[in-house]
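Only one structure is covered here, and it is reproduced in the block below.
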Amino acid sequence: MKLDIRPAMEGGRVDFSHSISLRDLDFGGMCPFQEPCLIVGAVANRAQMLEFSAKVTTDMHLICDRCAEPFIRPMELLVERVLVEHMESESSEDIVVLDGSGIDLDELITPEIILAVEPKNLCSPHCMGLCPQCGKNLNDGPCGCVENAIDPRLAKLGDYFKKSRP
């Protein structure tokens with residue numbers, strides 16, 4: 001969506017509300033943005049400087065990296081930038097150079113959303129994961145597998161340590 005910011009350039013304020021769909025955005029075979037991302041914000045002229053501020057909210061549909069169970073995590077992201085017509089020095093992440101009298105919200109917000117996605121997704125910080133022997137979800141309770149099972153390839157090494165103890 002192209003946002004016309006001429007009223008803000010003339011000393012006013014432009015409020016906006018917009019939603020974007022990132023349904024087709026793929027993160028390693030997973031598409032977490034099944035619901036639209038709602039963007040609410042404003043562009044305001046403060047002391048001849050245009051300030052862009054937006055709050056992005058959505059629910060991400062994820063799969064836990066430990067127990068492989070699906071879960072929903074709310075996402076709330078604040079994006080703040082300074083808008084300028086031209087820059088004479090080197091660029092900065094917080095400064096956006098305008099192209100005419102508008103900004104493309106999708107182009108500005110989408111990279112911020114992508115960078116805010118965490119690389120490790122856990123359904124809870126205390127997720128116990130899956131049993132390495134039987135595959136049972138340990139969040140549902142113990143599985144009954146022997147915890148100290150020795151790998152048969154290393155069994156002889158275990159016998160060595162039993163013999164060497166007095």
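So here's what we get for this one:
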| quantity | calculated |
| --- | --- |
| From phi via Karplus (6.51, -1.76, 1.60), per-residue ³J(HN,Hα) for the stretch 42-59 in Hz, x at Gly/Pro | 7, 10, 10, 9, 10, 6, 6, 10, 8, 10, 9, 9, 9, 10, 10, 10, 6, 10 |
| Charge dipole (the chain, unit charges on Cβ, about Cα centre) - positive-most of ILE109, GLY158, GLY144 | GLY158 |
| D_trans [Stokes-Einstein, Kirkwood Rh over alpha-carbon pairs] for the chain, 25 °C, 0.890 mPa s, µm² s⁻¹ | 122 |
| ALA42/ASP140 FRET efficiency (R0 45 Å; Cβ-Cβ; nearest 0.05) | 0.45 |
| Within the stretch 1-121: Cβ-based charge dipole about Cα centre, in debye rounded to nearest 20 (Lys, Arg +1; Asp, Glu -1) | 360 |
| Amide H contacts under 5 Å for ILE5, placed H, 5+ residues apart | GLY102, ILE103 |
| Ordering of 120-132, 104-116 by packing [mean C-beta count within 10 Å, highest first] | 104-116, 120-132 |
| Gain upon complete extension [GLU80, LYS120; 0.36 nm per residue less C-alpha separation] | 11.9 nm |
| Chain lengthening between ILE72 and SER19 when straightened (0.36 nm per residue, less Cα-Cα) | 17.2 nm |
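Bear in mind that the values in this text are calculations on the coordinates, not laboratory data. Here the structure is a predicted model, which means the values were calculated and not measured. Note that we place each Cβ from the backbone using ideal geometry, even for glycine, and neighbour counts take in every protein chain shown.
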